[in-house]
Structure formats: C-alpha cells, structure tokens
1. Pick out the one residue from Met74, Met165 that is touching a residue at least 24 places away in the same chain (Cβ under 8 Å) and either of a type in the set (Phe, Trp, Tyr) or in a helix (DSSP H, G or I) (or both).
2. Can you tell me which residue in region 215-229 is modelled with the highest pLDDT, limited to those that are of a type outside the set (D, E, K, R) and part of a loop (DSSP other than H, G, I, E, B)?
3. Out of the residues in region 45-66 that are touching a residue at least 24 places away in the same chain (Cβ under 8 Å) and under 18 Å from Val183 (Cα atoms), state the one that is surrounded by the fewest Cβ atoms within 10 Å (Cβ to Cβ).
4. Which of the following residues is touching a helix residue (DSSP H, G or I) at 6+ places or on another chain (Cβ under 8 Å), in the same structural domain as Ile145 (by TED's automatic domain parsing) and modelled with pLDDT of 75 or more: Leu239, Leu232, Leu264, Leu292?
5. Of all residues in region 29-44 being among the β-branched types (Val, Ile, Thr) and over 9 Å from Ser184 (Cβ atoms), which is surrounded by the most Cβ atoms within 10 Å (Cβ to Cβ)?
6. Scan region 142-156 and tell me whether some residue there is touching a Gly at 6+ places or on another chain (Cβ under 7 Å), touching a residue at least 60 places away in the same chain (Cβ under 8 Å) and over 28 Å from Leu2 (Cα atoms).
7. Is there any pair with a first residue in region 278-291 that is in a helix (DSSP H, G or I) and a second that is not aromatic (Phe, Trp, Tyr) whose Cβ atoms are under 7 Å apart and which are 6 or more apart or on different chains, and what are they?
8. Would you be able to say whether some residue in region 116-127 is assigned by TED's automatic domain parsing to the domain that holds Cys66, assigned to a helix (DSSP H, G or I) and within 22 Å of the chain's Cα centre (by Cα)?
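The values are calculated or read from the model by the stated rules, or taken from the named source; none is laboratory data. Note that the coordinates shown come from a computational prediction; the quantities given were computed from them, not determined experimentally. Because the Cβ atoms are built from the backbone with ideal geometry, glycine has one as well, and the counts that use them run over all protein chains shown.
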Amino acid sequence: MLITSIGQGLLWAPLVIGVFLTFRILDIPDLTTEGSFPLGAAVTVSAMIHGQSAIVASLLGFLAGCLAGWVTGMLDTKLKMPSLLAGILTMTGLYSVNMHVMGKSNVPLLDQKVLTSYLPAAWSVDLQTIVVGLGVTLLVMAGLIWLFRTQLGLSLMATGNNAAMSAANGIYTDRMVILGYMVSNGCIALSGALIAQSNGFADIGMGIGTIVIGLASVLVGEIFLRGRQIWLRLTAMVLGAVIYRYLLTVAMGLGFPVDDLKILSASILVIVICLPLLRNKLQTKQQLKRYLKQIGVDQHATTSSLKRQAPTEGLLSRNGK
C-alpha cells in the first residue's frame with residue numbers, strides 16, 4: 001500500500017508543484033488546472049498513437065500546458081480579467097480542445113511504449129512507477145531551483161510578493177505573471193501525461209477535481225515540512241503529494257467506494273485548512289496561559305471575572321442609550 005502510494009504520489013507531484021507556483025508564489029487561484037491536466041494527457045496519448053516516443057510525447061504535453069497557461073496569462077494581464085474568471089474561461093475552452101485532440105472522450109494506449117517500458121522488465125510495476133515519477137519530479141525540481149536562482153526567477157517571486165513594488169523597480173510584472181502561468185500549467189500537463197501513461201488511457205473527464213487534489217497536497221506538505229528555501233518548499237510539495245495519495249489509499253482500504261473519492265478529497269482539504277487554524281488558536285491560548293502565570297494572575301479567576309462583567313457592561317450600554 002505504501003509503495004503504491006509513493007509511486008502514484010510522485011506521478012502527481014508535478015501537478016502539486018504547478019499548483020504551488022500559482023497559489024503560493026504568485027498568490028493566484030488558477031482553475032486552468034482542470035483543463036491543462038487532461039490536455040497534457042490528451043496531447044501525449046495522441047502523439048504516442050501517431051508514432052512519437054513516450055519522451056517526445058511527454059514533452060509535447062508539457063508544451064501544450066505551457067500554451068494553455070499563456071492563454072490564461074494573456075486574459076489576466078492584457079484583457080484585465082480577474083484571475084479566477086480567466087482560469088475558468090480557459091478551462092472551459094480546453095474541454096473542446098481536448099475533444100478535438102483525442103477525437104473522442106476516451107483514447108486507450110494499446111501497444112505503445114510508455115516511459116516505464118524503458119526500464120528493465122524484471123522490475124515490478126510499483127518500482128518502475130517510482131523510478132519514472134522520481135526521475136521526472138527531480139528534473140522539474142532541479143529546473144525550478146535553477147530558475148529561482150536567476151534574475152528572471154527572482155523577478156517572478158518579487159512579483160508574487162508585491163506586484164506594485166516590483167513594477168516600481170522596473171520589473172515587467174505582466175510578463176512575470178504570464179511566465180508563472182506557463183510554467184505552472186506546463187508542470188500540471190506533464191503530470192497529466194504521466195498519469196495517462198500509468199493508467200493506459202486519456203479521458204476527457206480526468207481533470208475534474210484536480211485543483212482540489214493539488215490544493216490539498218500543497219497544504220498537507222506545508223503542515224509536515226516548513227521552510228523558506230525554495231528547494232525545501234518544493235520537497236514539501238512532493239511529500240504532500242505522497243501523503244495525500246496514501247490517505248486516499250487508506251480510505252479505499254477501509255471500504256470506501258471509488259465514487260466517494262471526490263468527497264474524500266474535499267474532506268481532506270477542509271481538514272488541512274482547519275488544522276493550522278486550530279493549531280494557531282491552541283498556541284495563542286498556551287502563550288496567554290504562560291504569560292498570566294509569569295505575572296502571577298490566576299487564569300480561572302480572570303476568566304470568571306470577565307464573564308461576570310460582560311452582561312453588566314451590556315446592560316449599562318443599553319441603559320445609556
């Protein structure tokens with residue numbers, strides 16, 4: 001169960017990294033995810049059926065995702081649409097694009113050679129999946145770490161932190177936002193290409209709910225691994241993808257039907273959103289308790305006094321009106 005979760009989590013890791021780029025770096029809620037994910041799968045599978053190798057087809061899927069991100073970025077920056085609406089419009093349009101690319105709603109891979117086929121046949125399927133997923137994820141991480149060490153990458157991060165200040169310092173913020181969209185959706189489409197090869201088919205509906213999967217994995221990763229360095233943050237995204245897939249695998253092992261996976265994904269997202277809030281509330285309460293203890297104040301007595309004063313103050317305020 002754990003080995004399978006690791007393999008599947010690594011295949012989904014590029015998607016989580018892509019969601020992280022727009023959600024955390026640019027601070028943009030990008031719904032293009034649900035269109036670019038199946039776009040990567042559709043382009044990759046169609047290219048493989050027409051004779052392209054798995055490597056070339058996967059790269060074509062990545063480039064198709066970059067193009068989808070460029071469209072969303074242009075709608076956002078040049079046409080001044082709200083980022084949420086721009087993502088929805090692109091996602092909606094990509095449904096028709098995906099149908100034209102595949103020719104039908106579901107396209108299977110028959111005798112085509114996928115990425116895992118390049119590995120020794122004696123290896124188990126789980127081991128092949130882990131090796132391919134880890135290799136692609138490390139390439140994505142290495143590329144992004146290199147990017148964020150360049151002037152271009154630093155400008156991208158500065159735009160996400162403070163667009164107005166970045167523009168005042170001579171950074172072309174519109175270009176940085178478009179670049180962020182392109183890299184993000186390229187990674188998401190690449191994940192779709194990997195999942196399609198793992199499943200053996202591309203389906204028009206495989207992008208439904210991917211934004212929830214991505215956001216949940218991002219938040220899970222940030223709970224278990226925190227840091228300011230970009231390599232540490234990207235590692236947290238990979239860890240979040242693996243943990244998220246493991247949680248879904250455990251839920252399936254407990255007898256939950258496949259049809260409930262979407263509601264399980266939404267439930268996990270709600271939990272990981274609430275956990276930091278509850279943790280912060282508990283930390284604040286503990287800090288207050290330590291402070292009151294240091295100054296020699298009885299917390300219970302102070303709380304009781306406040307409760308007794310509350311109705312009295314309310315009564316006085318009403319009488320004063």
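1. Answer to the selection: Met74.
2. Gln229
3. Leu63
4. Working: Leu232 fails: touching a helix residue (DSSP H, G or I) at 6+ places or on another chain (Cβ under 8 Å); Leu264 fails: in the same structural domain as Ile145 (by TED's automatic domain parsing); Leu292 fails: in the same structural domain as Ile145 (by TED's automatic domain parsing).
Only one candidate passes the filter, namely Leu239.
5. We begin by selecting, within region 29-44, every residue among the β-branched types (Val, Ile, Thr); these are 32-33, 43-44.
Remaining after also requiring over 9 Å from Ser184 (Cβ atoms): 43-44.
Details: Val43: 30, Thr44: 33.
Among them, the one singled out is Thr44.
6. yes
7. Pairs that qualify, where the first residue is in a helix (DSSP H, G or I) and the partner is not aromatic (Phe, Trp, Tyr), are Lys289/Gln299.
8. Initially, region 116-127 is screened for residues assigned by TED's automatic domain parsing to the domain that holds Cys66, giving 116-127.
Adding the requirement that they be assigned to a helix (DSSP H, G or I) leaves 116-118, 125-127.
If we keep only those that are within 22 Å of the chain's Cα centre (by Cα) as well, we get none.
So far as region 116-127 goes, no, none of its residues is assigned by TED's automatic domain parsing to the domain that holds Cys66, assigned to a helix (DSSP H, G or I) and within 22 Å of the chain's Cα centre (by Cα).
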